[in-house]
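Below is one structure, written out as structure tokens; comments come after it.
The values are calculated or read from the model by the stated rules, or taken from the named source; none is laboratory data. None of these values were measured; they are calculated from a predicted model. With ideal geometry, Cβ positions are generated from the backbone for all residues, glycine too; neighbour counts draw on all protein chains shown.
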There are 2 protein chains.
Amino acid sequence: MGGLGPFLTEEQADWPGGWRERFLMAVGIKDVARVAGVSAATVSRVLAGKAVDAAMQARVLAAVESTGYRPNLAARRLRSRHSNVIGLIVADIRNPFFTAVSRSVETVAAARGMQVILCNTDEDPAKEAMYLDLMHQERAAGVILAPSRQRVAQTERPAGERPVVLIDRAIPGADLDCVLLDNERMAAVLVEHLHARGHRRVAGLFGAMSTTGLERRAGFERAAAALGLEAQAMAVPHSTGEAERALAGLLSGPGRPDALVASNGVMLLHILRALRAQGLSVPGDIALAGFDNNDWMDFVGQGTCGAGGISVIEQPVEEIGRTATAMLLDRLDNPDAPTRKVVLAGKLVARG
Amino acid sequence: MGGLGPFLTEEQADWPGGWRERFLMAVGIKDVARVAGVSAATVSRVLAGKAVDAAMQARVLAAVESTGYRPNLAARRLRSRHSNVIGLIVADIRNPFFTAVSRSVETVAAARGMQVILCNTDEDPAKEAMYLDLMHQERAAGVILAPSRQRVAQTERPAGERPVVLIDRAIPGADLDCVLLDNERMAAVLVEHLHARGHRRVAGLFGAMSTTGLERRAGFERAAAALGLEAQAMAVPHSTGEAERALAGLLSGPGRPDALVASNGVMLLHILRALRAQGLSVPGDIALAGFDNNDWMDFVGQGTCGAGGISVIEQPVEEIGRTATAMLLDRLDNPDAPTRKVVLAGKLVARG
DNA sequence: AATTCACGAGAAAACGTTTTCTGAAAGCAC
DNA sequence: GTGCTTTCAGAAAACGTTTTCTCGTGAATT
């Protein structure tokens with residue numbers, strides 16, 4: 001400090017507004033303690049909201065203010081041995097369903113003083129495993145996970161021993177909290193809706209990456225059988241080309257379906273593309289229905305005749321996120337409570 | 001440890017596969033060191049990839065494997081005084097532009113061993129300030145920020161003294177790295193496109209929350225003036241109702257515009273809604289153009305006549321995220337390099 | 001052959017907090 | 001007034017790493 005020249009007094013050089021604050025390291029709890037004339041422990045207690053002498057508390061708060069002290073969360077987590085971070089691992093951040101859920105999760109978490117690390121796996125089990133491990137290393141309080149299909153094979157608990165809440169997709173064998181859509185029933189509702197609209201030959205494209213696709217397919221087939229419809233269900237991988245190719249065969253063959261069901265919003269777009277490639281219009285030539293009510297769906301398939309439109313099952317996205325977060329936070333308090341499975345109903349948005 | 005009964009030998013109780021691993025705390029670097037028969041420092045060095053004896057390295061790696069050791073990132077950050085976390089603070093996670101950028105940021109960051117904390121401000125300056133402060137507390141390595149308009153007023157550096165890269169929106173006074181779209185020019189391109197298509201009375205709706213809206217509006221007005229078009233530009237707040245109301249007046253009055261320009265994807269949806277409320281069709285009654293090429297746009301406004309469609313400026317979302325992340329990581333290495341401003345061109349996607 | 005140098009491994013300090021421990025003062029019952 | 005408990009603040013330990021320091025060994029140089 002002597003090397004700083006004659007222009008700084010000891011006081012200036014040391015504190016506040018002086019050399020150290022401006023140029024060197026961040027201010028720590030000890031600096032606050034020194035300014036307030038108390039011990040570091042007392043500062044910690046004030047900040048934690050524990051009972052301390054009122055005069056001291058005021059001095060500490062003033063010192064925090066004047067020094068611009070910001071606690072180091074890494075140190076806090078290390079010592080206190082618990083973290084305010086929750087991990088949110090989704091399969092596809094571009095899917096509006098997941099962004100909507102993410103937003104809801106973030107809002108609820110922030111309101112309870114938790115921060116969210118959002119991880120995007122792109123349906124890649126390797127990335128998923130990497131992120132689960134990362135959450136472990138981060139010692140995250142818990143994880144909200146939309147698991148990929150491959151994970152089903154693993155019987156081990158994901159993310160070490162920390163609480164996990166599954167969303168959107170189940171892991172059949174696992175004993176974990178989850179909040180899901182009533183996929184099978186909702187798919188059946190969709191089929192019944194198409195039947196009521198007079199369609200008799202239905203085809204469905206279902207995702208191959210998750211239990212969700214399987215369940216929706218099952219509901220589709222069950223309902224179609226019950227109604228005596230001519231039905232054809234196929235599972236398509238997540239890539240674009242696959243869906244288009246699968247549809248090309250379906251649409252050009254004899255006995256072309258008069259209605260299509262999409263397993264999710266992304267799939268529905270693939271179908272739209274394929275239909276256009278075939279020169280077919282919705283709903284003039286063929287009806288289209290699916291899952292996830294995206295904001296733009298009000299505006300496609302509105303033929304000149306005024307009818308048409310794409311009927312979908314709208315998922316309660318906000319509630320899914322809210323419920324999952326609440327369940328996770330609950331479990332942090334009661335680690336040994338029995339696991340809960342929440343199944344939510346969707347809402348049929350009938351168009352056309 | 002004696003209380004555990006006679007079934008556990010000292011060895012079992014202590015390590016490995018025994019009591020401690022299964023029921024108590026996580027395994028630490030010292031446990032690994034003990035198993036490998038080396039010092040904790042050596043384990044640390046092996047994990048950091050520093051030069052160590054090959055035999056020792058093998059022993060350490062084996063010990064890490066057998067113990068299932070996962071380093072505690074909080075401790076690592078505390079001691080090493082630098083973090084592998086970058087904050088990404090966006091205005092609206094539901095806006096596909098931001099989700100696309102987020103995905104790109106996350107991918108690049110993950111490839112470089114960094115993790116991303118995604119923060120959603122919902123255009124709320126208070127939330128933005130809260131998150132910037134949080135990133136400070138987290139001692140994040142840096143922040144990528146899409147600033148809200150209000151932040152402009154603040155001359156102070158956001159997020160303490162850590163590196164910040166701005167995306168999508170500038171902060172006029174600030175000397176910060178940023179990567180932006182050439183908004184003014186792109187808006188002009190859009191107007192010229194409409195002019196070439198024969199439209200003569202254009203109106204534009206621009207966001208009031210960011211510099212982006214201002215710039216696009218300026219480009220819109222400049223181009224319209226240069227081309228001698230009858231133009232009307234208005235700034236509308238971010239809420240749904242506003243846009244609809246503003247449009248209602250515009251569309252019902254005399255000299256109704258024959259083309260509309262939307263400042264962004266969200267605005268464009270509002271316009272679509274308003275048009276439908278007025279019973280106007282795109283592009284039959286009125287043309288529509290805007291910013292952000294969302295995947296569904298291929299399918300709306302395709303009238304029976306085959307013409308139509310919504311022309312937009314497609315932003316290079318992937319590159320924006322990639323560039324911003326690269327710039328941020330660069331700056332971590334060269335804190336004192338001059339700030340850079342990257343202005344990217346968009347691409348006109350002409351439809352109809 | 002002696003001295004320096006480079007290297008690498010263990011011991012110990014340090015990171016910035018929270019928590020435990022300790023002791024003093026205050027309150028209360030006798 | 002004495003002895004007991006309670007309260008509260010400071011001192012010190014602890015959290016799990018990385019980094020610095022120290023020292024021993026072997027190679028290289030003179």
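Among the residues of the stretch A:99-119 satisfying the criterion of being more than 9 Å from chain B (Cβ to nearest Cβ) and either among the acidic types (D, E) or assigned to a helix (DSSP H, G or I) (or both), which is nearest to the chain's Cα centre (by Cα)? Talk me through it step by step, then tell me what you get.
Let us first name the residues in the stretch A:99-119 that are more than 9 Å from chain B (Cβ to nearest Cβ), namely A:101, A:104-105, A:108-109, A:111-114.
Then keep just the ones that are either among the acidic types (D, E) or assigned to a helix (DSSP H, G or I) (or both); that gives A:101, A:104-105, A:108-109, A:111.
Working: A:V101: 5, A:S104: 8, A:V105: 7, A:V108: 12, A:A109: 12, A:A111: 17 Å.
The selected residue is A:V101.
Which of the helices (runs of 4 or more DSSP H) contained wholly in the stretch B:34-81 include at least 3 residues that are more than 7 Å from DNA strand D (Cβ to nearest atom), surrounded by 14 or more Cβ atoms within 10 Å (Cβ to Cβ) and within 14 Å of chain A (Cβ to nearest Cβ)?
Values: elements: B:40-47, B:54-67, B:73-80.
Qualifying helices (runs of 4 or more DSSP H): B:73-80.
Do the conditions hold for B:E138, that is, is it within 11 Å of chain A (Cβ to nearest Cβ), within 18 Å of A:N120 (Cα to Cα) and charged (D, E, K, R)? Outline the logic, then answer.
On the way: within 11 Å of chain A (Cβ to nearest Cβ): yes; within 18 Å of A:N120 (Cα to Cα): no; charged (D, E, K, R): yes.
So B:E138 does not fit the description; no.
I'd like the full set of residues that are modelled with pLDDT under 90 and either within 14 Å of B:E242 (Cα to Cα) or touching a Ser or Thr at 6+ places or on another chain (Cβ under 7 Å) (or both), limited to the stretch B:252-269.
B:V266
Run A:D92 past the list (1) within 14 Å of DNA strand C (Cβ to nearest atom); (2) at the interface with chain B (Cβ under 10 Å from one of its Cβ atoms); (3) over 29 Å from B:R157 (Cβ atoms) and report the number of the one that doesn't hold.
(1)
Quick check on the stretch A:121-136. Is at least one of its residues touching a Gly at 6+ places or on another chain (Cβ under 6 Å) and not assigned by TED's automatic domain parsing to the domain that holds A:G28? Steps first, answer last, please.
Of all residues in the stretch A:121-136, those touching a Gly at 6+ places or on another chain (Cβ under 6 Å) come to A:135-136.
Pick out the ones that are also not assigned by TED's automatic domain parsing to the domain that holds A:G28 and you get A:135-136.
For the stretch A:121-136, residues touching a Gly at 6+ places or on another chain (Cβ under 6 Å) and not assigned by TED's automatic domain parsing to the domain that holds A:G28: present.
Using the structure shown, decide if B:I144 is of a type in the set (A, V, I, L, M, F, W, C) and touching a Phe, Trp or Tyr at 6+ places or on another chain (Cβ under 9 Å).
Against the criterion (of a type in the set (A, V, I, L, M, F, W, C) and touching a Phe, Trp or Tyr at 6+ places or on another chain (Cβ under 9 Å)), B:I144 does not qualify.
Only one of these conditions is not met by A:D292: (1) touching an Asp or Glu at 6+ places or on another chain (Cβ under 8 Å); (2) free of Cβ contacts under 8 Å to residues at least 12 places away in the same chain; (3) acidic (D, E). Which number is it?
Tallying (1) touching an Asp or Glu at 6+ places or on another chain (Cβ under 8 Å); (2) free of Cβ contacts under 8 Å to residues at least 12 places away in the same chain; (3) acidic (D, E), A:D292 fails exactly one: (2).
Can you go through B:G219, B:G279, B:G301, B:G265 and tell me which one is touching a residue at least 12 places away in the same chain (Cβ under 8 Å) and on the phi > 0 side of the Ramachandran plot?
On the way: B:G219 fails: on the phi > 0 side of the Ramachandran plot; B:G279 fails: touching a residue at least 12 places away in the same chain (Cβ under 8 Å); B:G265 fails: on the phi > 0 side of the Ramachandran plot.
The conditions single out B:G301.
Is it the case that A:E215 is more than 19 Å from A:H238 (Cα to Cα) and either out of contact with any Asp or Glu (no Cβ under 7 Å at 6 or more places or on another chain) or among the charged types (D, E, K, R) (or both)? Write out each step before concluding.
Details: more than 19 Å from A:H238 (Cα to Cα): no; either out of contact with any Asp or Glu (no Cβ under 7 Å at 6 or more places or on another chain) or among the charged types (D, E, K, R) (or both): yes.
Here the answer is no, as A:E215 does not meet what is asked.
Please work out if A:I286 is over 22 Å from A:R245 (Cα atoms) and either within 13 Å of chain B (Cβ to nearest Cβ) or in contact with a strand residue (DSSP E or B) (Cβ under 9 Å, 6 or more places away or on another chain) (or both).
Values: over 22 Å from A:R245 (Cα atoms): no; either within 13 Å of chain B (Cβ to nearest Cβ) or in contact with a strand residue (DSSP E or B) (Cβ under 9 Å, 6 or more places away or on another chain) (or both): yes.
Criteria not met by A:I286.
Being at pLDDT below 90 and β-branched (V, I, T): is that true of A:V282 here?
On the way: at pLDDT below 90: yes; β-branched (V, I, T): yes.
In short, yes.
Is it fair to say A:R103 is within 16 Å of DNA strand D (Cβ to nearest atom), closer than 22 Å to B:M130 by Cα, basic (K, R) and at pLDDT 95 or above? Even if it seems obvious, please write down each step before you answer.
Values: within 16 Å of DNA strand D (Cβ to nearest atom): no; closer than 22 Å to B:M130 by Cα: yes; basic (K, R): yes; at pLDDT 95 or above: yes.
No, not satisfied.
For the stretch A:163-184, what are the residues that are more than 18 Å from the chain's Cα centre (by Cα) and at pLDDT below 95? Before the answer, list the steps.
The initial filter retains those residues of the stretch A:163-184 that are more than 18 Å from the chain's Cα centre (by Cα), namely A:172-175, A:184.
Result: A:P172, A:G173, A:A174, A:D175.
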